[in-house]
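The values are calculated or read from the model by the stated rules, or taken from the named source; none is laboratory data. Predicted model, so just to flag it, every value in this text is computed and none were measured. Because the Cβ atoms are built from the backbone with ideal geometry, glycine has one as well, and the counts that use them run over all protein chains shown. What goes into the accessible areas is simple: the full protein's heavy atoms, side chains included, and nothing from ligands, DNA or RNA. Shrake-Rupley method; radii C 1.70, N 1.55, O 1.52, S 1.80 Å.
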Amino acid sequence: MQDVSTLVAQAREGRPRAVARLISLVEGASPQLREVMRTLAPLTGGAYVVGLTGSPGVGKSTSTSALVTAYRKQGKRVGVLAVDPSSPFSGGALLGDRVRMSEHASDPGVYIRSMATRGHLGGLAWAAPQAIRVLDAAGCDVILVETVGVGQSEVEIASQADTSVVLLAPGMGDGIQAAKAGILEIGDVYVVNKADRDGADATARELNHMLGLGESRAPGDWRPPIVKTVAARGEGIDEVLEALEKHRAWMEERGVLTERRLARASREVETIAVTTLRERIADLHGDRRLSALAERIVAGELDPYRAADELVSGVTESTSPSGV
């Protein structure tokens with residue numbers, strides 16, 4: 001068993017091994033997880049969380065690395081959560097992002113962690129919210145969360161980040177993608193990467209056109225900017241940084257940042273509560289209470305919804321408040 005207070009203190013000092021150990025406790029759903037979260041709670045709330053998402057091949061990892069460089073020039077500590085596909089053999093992350101960001105490996109002001117999706121849909125790892133809390137408490141000024149390559153419906157990053165950046169690239173069918181619902185509706189900032197390729201201007205125009213269709217923004221509402229970059233050469237990254245800072249200032253001025261963080265905390269609590277309840281109900285398989293309810297349903301004495309209500313009521317009543 002690790003001494004959580006010591007690990008947290010070391011993480012606050014910027015020791016990468018302590019941060020790594022805390023995130024490992026999160027990923028492994030350690031019995032110490034509740035203690036970890038309880039200790040971290042008063043230390044969080046200072047980091048700006050930026051999510052980067054987009055289809056495979058648009059240059060998310062390269063763009064993330066370029067943003068790390070830009071933020072480090074400003075003297076900011078940066079945490080990176082790079083969510084990779086799970087290995088079909090080990091279940092771990094395929095560490096492609098670590099390879100692309102190797103230039104930051106020796107920088108004590110940067111912490112990079114690859115996390116496996118482990119089958120979790122939405123482009124993120126299930127433990128991402130708690131891992132973000134660890135990096136926040138460890139003193140990171142900015143946390144960049146890079147999703148696995150996602151499709152149109154995998155938009156979970158929008159619920160985890162303060163600002164969501166959607167990346168596109170020319171020549172990847174983005175003209176059609178821009179006309180579809182899903183991933184292109186969540187962006188606060190849009191980036192057309194690989195802008196040195198043919199078709200970059202057309203991609204930006206099409207995207208701008210689609211963003212203008214059906215808009216119902218009131219005066220003063222945020223209109224997502226479109227920035228063209230060549231991340232591999234660092235071109236356009238300063239403009240992306242400027243767009244991010246403008247969006248953050250706009251959110252702070254109108255209270256949107258607080259609203260987003262409240263909504264994020266609410267979803268996190270709901271997810272933990274539902275997961276806990278599901279685990280407790282799963283423990284009832286083979287239990288006489290579940291069998292008795294099933295018998296009453298088959299006999300026509302009870303409908304499935306009433307049975308579920310009775311089951312949930314029984315599970316919650318049998319659990320003391322200290323165990324919740």
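Select from region 289-324 the residues that are of a type outside the set (Gly, Ala, Ser), assigned to a helix (DSSP H, G or I), at pLDDT below 80 and exposed (fewer than 13 other Cβ atoms within 10 Å of the Cβ) and list them in ascending order. The answer is Thr316, Glu317, Pro321.
Only one entry of Val80, Val68, Val49, Val4 meets the criterion of being more than 20 Å from Met115 (Cβ to Cβ), among the aliphatic types (A, V, I, L, M) and surrounded by 16 or more Cβ atoms within 10 Å (Cβ to Cβ), and that entry is Val4. When Val26 is tested against (1) open to solvent by 10 Å² or more (accessible area, probe 1.4 Å); (2) touching a residue at least 12 places away in the same chain (Cβ under 8 Å); (3) within 18 Å of the chain's Cα centre (by Cα), only condition (1) is not met. When region 1-53 is filtered for residues that are of a type in the set (S, T, N, Q), outside any strand (DSSP E or B) and closer than 21 Å to His104 by Cβ, the ones remaining, listed by number, are Gln10, Ser24. So for region 261-273 (the condition being within 23 Å of the chain's Cα centre (by Cα) and under 23 Å from Thr64 (Cβ atoms)), does at least one residue qualify? The answer is yes, given that some residue of region 261-273 is within 23 Å of the chain's Cα centre (by Cα) and under 23 Å from Thr64 (Cβ atoms). Every condition in (1) touching a residue at least 24 places away in the same chain (Cβ under 8 Å); (2) closer than 27 Å to Ala158 by Cα; (3) open to solvent by 10 Å² or more (accessible area, probe 1.4 Å) is met by Gly14 except one, and the failing one is (2).
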